[in-house]
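Structure first, then comments.
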Amino acid sequence: MWCIGELTEEYRHRMYALLALYAQPFDPREPVVCIDEKSLQLIGHSRAPLPMSPGILAKDDYEYVRRGTSNLFVAVEPKAGQRLIAVTAQRGKVDFVEFIASLLGGAYARARRVHLVLDNLNIHFRKCFDDVLGRRAAAKLLRRVQFHYTPKHASWLNMAEIEIGILSRQCLDRRWADRHTLRREVEQWQLARNAAKQTIEWKFTRQDADRKLGRHYVPLFTC
């Protein structure tokens, strides 16, 4: 269920800009890459689980052992059917800058311009790149990047949320005792989806937004 914030002028401008970006035809020279994060608790078994046998499901004891947390950075290029995921110990600005640098120097090294779609988390802004790399190095890294931010309280406009939902259902719906195993399984899931070129088809348009949300716009203005 969507959680819609106050539909202010800024909200509408950002929403319209993202919907226009999503409506553009696919251009490999200017990939649109949606990015988000997911935190995951690492949990071990307090007792060895009972293995599956013919006609009997595997069984885990209800008690468990906490083994810290892990973070997943998820980048998905919806129209190309490509996603890149990094499993990290934490979600700080250094980790985020390193993830973006790996995208720009790896999968998108030859792109003319990279459009990054992000929410308003504090580590997502250009200042963090300046803080971590210094202004000159940050400017060099981001020279081909254009940032696009969702409206506040409108993460539903970020297609990375869709990809994370699929990842959670297909891969993360079990206990993970350590980061190494989690990283290995996520990499296998990522490889399979990329090989199948699983895309995301975005159908929500500006016209849909006006029809469904128009009565809530405040204040009214002409875009």
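The values are calculated or read from the model by the stated rules, or taken from the named source; none is laboratory data. Predicted model only: the values in this text are computed from it and were never measured. Every residue, glycine among them, receives a Cβ derived from its backbone with ideal geometry; neighbour counts consider all protein chains shown.
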Taking the residues in region 125-137 that are farther than 26 Å from I200 by Cα and free of Cβ contacts under 8 Å to residues at least 24 places away in the same chain as candidates, determine which candidate is nearest to the chain's Cα centre (by Cα). R126
Would you point out which residue out of K152, K197, K203 is of a type in the set (K, R), out of contact with any helix residue (DSSP H, G or I) (no Cβ under 7 Å at 6 or more places or on another chain), under 27 Å from A111 (Cα atoms) and touching a residue at least 24 places away in the same chain (Cβ under 8 Å)? K197
Using the structure shown, decide if S168 is surrounded by fewer than 14 Cβ atoms within 10 Å (Cβ to Cβ) and either within 18 Å of R83 (Cα to Cα) or modelled with pLDDT under 95 (or both). yes
Among the listed residues E77, E98, which satisfies the condition of being of a type in the set (D, E), buried (at least 18 other Cβ atoms within 10 Å of the Cβ) and within 24 Å of E185 (Cα to Cα)? E77
Of all residues making up region 87-116, the number that are assigned to a strand (DSSP E or B) and within 22 Å of T150 (Cα to Cα): 3
List the residue pairs whose Cβ atoms are under 6 Å apart, where the first residue sits in region 102-124 and is farther than 14 Å from R29 by Cα, the second is in a loop (DSSP other than H, G, I, E, B), and the two are 6 or more positions apart or on different chains. V117/N158; D119/T150; D119/N158; N120/K152
Determine which member of the set R14, R29, R47, R66 is at pLDDT 70 or above and part of a loop (DSSP other than H, G, I, E, B). R29
Tally the residues that are farther than 18 Å from A160 by Cβ and of a type in the set (S, T, Y), restricting the search to region 17-33. 0
Examine region 117-136 for a residue that is among the small types (G, A, S), under 20 Å from G92 (Cα atoms) and assigned to a helix (DSSP H, G or I), and state whether such a residue exists. no
Which count do you get for residues in region 81-116 that are closer than 23 Å to W202 by Cα and in contact with a Ser or Thr (Cβ under 7 Å, 6 or more places away or on another chain)? 1
